[in-house]
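The values are calculated or read from the model by the stated rules, or taken from the named source; none is laboratory data. On a predicted model such as this, the values are computed, not experimentally measured, just so you know. Neighbour counts are summed over all protein chains in view; Cβ atoms, including those assigned to glycine, are modelled from backbone coordinates with ideal geometry.
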Amino acid sequence: MLNLLGSKPSRHCDGHHRRHFLKIGGLALGGLSLPQVLQAQESSPATRGKPLGHKAVIMIYLSGGPSHQDMYDLKMDAPVEIRGSFKPISTNVPGIEICEHMPRLAKIMDKVAIIRSLYGCPDQHASDLCLSGFPIGPKGRQDNHPSLGSAVSRLQGPVDPSVPPFVGLTIKTGHAPYSNPGMPGFLGTAHTAFQPEGQGMADMRLNGVTLDQLRNRQALLASFDQFRRHVDRQEVYRSVDALSQKAFDVLTSSRLVEALDLEKEDPQTRDRYGRGSASSAFGEDAGPHWMDQFLMARRLVETGVRCVTLSFGSWDRHGQNFERLPEQLAKFDQGITALVEDLHLRGLDQDVSVVAWGEFGRTPRINPGGGRDHWPQASCCLLAGGGMRVGQVIGSTNRLGEVPQDRPIHYQEVFATLYNRMGIDVGNATILDQAGRPQYLVDYRDPIRELI
């Protein structure tokens, strides 16, 4: 464990000195020069307010499985036990209607695309399918395939050595498959997501070192130089692996810390996104109603992150569906609309793709408890940005919302589209597995033609 000294030691009641530490788990320095890293950082072009110069994707996992017929595919001609109590409203695209509890989204429908005919999901409560295109399988989580973030990390690498290419904002949950930020699969830990709320950040916790102090590069340089003189004499620090190198690159720059500091944003912008909370939605074991994360995701991709994942809400509504969804839909409506509008306002809509979806849909028939149960036969998806052709609905389900009817779209076709927007041709791109065999990124390799 590496400990970086903070500004001043302090004395506690036991009479012993306690130093303020910045801790970096398992960090080795090797021969990398800190001034070289900082010089590289200073020479990196600023991206805020300009096209990024790289492609990025923000993946929003709606944990628990959202109800397609209560969001984007309301069935007003179905019996009451199917259609429920929500009403559709018109959008700014003639002929497209969505749920009344998403009025903000209705006003920017020309900036998003909706898929109503999504299929290919098993009955699994897990983010695996939504973050990799593969469900839990015989080989384990994601069937040992890399998530999109990990694959992009491997194929395209970091935009800036001080910024991880893949960041996961998902909070920890009791049901572990809900809090998977996207696993590296056979790519191994070198391409895992950096998690500010996970162990990676815990090992770099600022104990007594303020953000302002961290931004003081002269003091940081002095701290590292003092440490280097000590560790350069120790054999254990003379070899460095990929994870250690990544940790060092991140710690020697303030760019990631700056991106995570939402106090840097205009209060009006924060209010437009909504604040929310890190607590699980409704006190249930699922994602939070934390609209701050939509804003944080935008800041991270501007800083150089290629893929950001997060989870939002508790959508496993076996009961109280029509009592709780109005609140949750309103919060999602605020956060997703602010994100999409912000990408357009900042000129990022050609560079940053957004996807929001869950692991399956909900039963057409409302159960006796006023909820909808699991329904893998059909689901839905929202897409935005990435230079995609938006302002449209793709596909449909039958009269009762039971199965895809027109233009069925597999989950992996969405991934093929997202990879395409990242500049990766899934028809040809492969990654070597542990045995050295080339593996395609997905099995369905044709992007959705309506979007590109």
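Evaluate segment 317-335: report whether one residue or more is modelled with pLDDT of 95 or more, surrounded by 23 or more Cβ atoms within 10 Å (Cβ to Cβ) and under 20 Å from Val403 (Cα atoms). Yes, because at least one residue in segment 317-335 is modelled with pLDDT of 95 or more, surrounded by 23 or more Cβ atoms within 10 Å (Cβ to Cβ) and under 20 Å from Val403 (Cα atoms). Residues that are more than 18 Å from the chain's Cα centre (by Cα) and aromatic (Phe, Trp, Tyr) are absent from segment 290-297.
In the set Ile431, Ile448, only one residue is of a type outside the set (S, T, N, Q), crowded, with 19+ Cβ neighbours inside 10 Å and in a strand (DSSP E or B); that residue is Ile431. Please verify whether segment 312-335 includes one or more residues that are over 25 Å from Gln69 (Cβ atoms) and outside any loop (DSSP other than H, G, I, E, B). There is no residue in segment 312-335 that is over 25 Å from Gln69 (Cβ atoms) and outside any loop (DSSP other than H, G, I, E, B). Picking from residues in segment 413-452 that are without any contact (Cβ under 8 Å) to a residue 12 or more places away in the chain and not polar (S, T, N, Q), the one that is nearest to Val112 (Cα to Cα) is Arg449.
Going by the conditions given, is Gly387 surrounded by fewer than 23 Cβ atoms within 10 Å (Cβ to Cβ), out of contact with any strand residue (DSSP E or B) (no Cβ under 6 Å at 6 or more places or on another chain) and part of a loop (DSSP other than H, G, I, E, B)? Yes: the conditions hold for Gly387. From Leu155, Leu148, which residue is crowded, with 21+ Cβ neighbours inside 10 Å and either free of Cβ contacts under 8 Å to residues at least 40 places away in the same chain or not basic (Lys, Arg) (or both)? Criteria check complete, one pass: Leu148.
Could you list, in sequence order, all residues of segment 397-427 that are touching a Phe, Trp or Tyr at 6+ places or on another chain (Cβ under 9 Å), part of a loop (DSSP other than H, G, I, E, B) and more than 14 Å from Ala151 (Cβ to Cβ)? Selection gives Gly401, Glu402, Val403, Pro408, Gly427.
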